[in-house]
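**Q** Dumping the structure here so I can ask a few things about it.
Laboratory data are not the source of any read-out in this text; all were calculated from the coordinates shown. The structure presented is a predicted model; accordingly, all values stated were derived computationally and were not measured. When we count neighbours, we look across all protein chains shown, and the Cβ atoms used for this are built from the backbone with ideal geometry, even at glycine.
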Amino acid sequence: MENLEVSVGEALRQKGMTVSCAESCTGGLLTSRLTDVPGSSSYVRGSVVSYSCEVKERLVQVRHETLQRMGAVSAETAQEMAEGIRKAIGTDIGIGITGFAGPGTDEPGKPVGLVYISISGKNGTIVEENHFHGTRVEIKQQSTEKALEILQGYIGGIS
């Protein structure tokens with residue numbers, strides 16, 4: 001059985017689609033996994049590790065009001081990250097990931113392991129709230145695995 005990054009890459013290649021990523025808590029791990037596949041330059045156009053709010057605003061086009069009202073870890077921020085990176089890089093699909101990998105959080109009431117994953121493309125934008133458990137590294141790994149699963153499903157729904 002092939003891994004997700006290979007099957008997602010094949011699906012993107014078959015549909016002639018491109019992807020870009022705006023990653024926060026995963027620190028570029030999703031982009032790394034996508035680009036581990038030989039030939040990925042035909043569909044991966046670029047990414048931004050938008051770890052700070054300033055970078056989310058400046059490079060990924062997240063509105064200041066969204067960050068102030070909803071926080072850096074929210075469904076709204078993930079959505080704006082996915083839509084913003086798609087627009088900034090000019091790809092068919094944009095992915096936004098924001099969350100808390102631990103060991104702590106800086107937003108009261110939001111636990112370690114809370115991760116929002118958003119996919120934006122011609123079929124609209126979807127956002128999924130996830131609750132992962134484990135170490136920081138395990139949460140990052142689980143987040144990218146889930147993002148690839150969601151991306152695979154999204155691509156499958158595009159005609």
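**Q** Just one of 62, 48 is surrounded by 14 or more Cβ atoms within 10 Å (Cβ to Cβ), touching a residue at least 40 places away in the same chain (Cβ under 8 Å) and farther than 18 Å from residue 16 by Cα; which is it?
**A** Exactly one of 62, 48 is surrounded by 14 or more Cβ atoms within 10 Å (Cβ to Cβ), touching a residue at least 40 places away in the same chain (Cβ under 8 Å) and farther than 18 Å from residue 16 by Cα, namely 48.
**Q** What number of residues within the stretch 1-31 are part of a helix (DSSP H, G or I) and farther than 20 Å from residue 102 by Cβ?
**A** So the count comes out to 13.
**Q** Identify, please: which residue in the stretch 32-55 is in contact with a helix residue (DSSP H, G or I) (Cβ under 6 Å, 6 or more places away or on another chain) and aliphatic (A, V, I, L, M) and is, among those, nearest to residue 90 (Cα to Cα)?
**A** Step by step, filter the stretch 32-55, then rank; the result is 44.
**Q** Quick test of your reading of the structure: residue 34 fulfils all but one of (1) over 15 Å from residue 83 (Cα atoms); (2) in a loop (DSSP other than H, G, I, E, B); (3) of a type in the set (A, V, I, L, M, F, W, C). Name the failing condition by number.
**A** Only one criterion is unmet by residue 34, namely (2).
**Q** A further question follows. For the stretch 73-92, which residues satisfy the criterion of being out of contact with any Asp or Glu (no Cβ under 7 Å at 6 or more places or on another chain) and either over 22 Å from residue 18 (Cα atoms) or not hydrophobic (A, V, I, L, M, F, W, C) (or both)?
**A** Listed by number, the residues that qualify are 74, 76, 77, 79, 80, 83, 84, 86, 87, 90, 91, 92.
**Q** While we're looking at this one, here's another question. With the structure loaded, tell me whether residue 80 is surrounded by fewer than 22 Cβ atoms within 10 Å (Cβ to Cβ) and either among the acidic types (Asp, Glu) or closer than 25 Å to residue 40 by Cα (or both) or whether it fails that test.
**A** Here the answer is no, as residue 80 does not meet what is asked.
**Q** Let me ask something else about it. Scan the stretch 12-54 for residues that are of a type in the set (Gly, Ala, Ser) and either touching a Lys or Arg at 6+ places or on another chain (Cβ under 7 Å) or closer than 28 Å to residue 114 by Cβ (or both) and jot them down.
**A** Hits for the stretch 12-54 are 20, 22, 24, 27, 28, 32, 42, 46, 47, 50, 52.
**Q** When the stretch 1-23 is examined, which residues are found to be farther than 7 Å from residue 43 by Cα, free of Cβ contacts under 8 Å to residues at least 60 places away in the same chain and not aliphatic (A, V, I, L, M)?
**A** Result: 2, 3, 9, 10, 14, 16.
**Q** In addition: Quick check on the stretch 104-123: of everything there that is under 15 Å from the mean Cα position of the chain (by Cα) and closer than 17 Å to residue 84 by Cα, which residue is surrounded by the fewest Cβ atoms within 10 Å (Cβ to Cβ)?
**A** Selected residue: 121.
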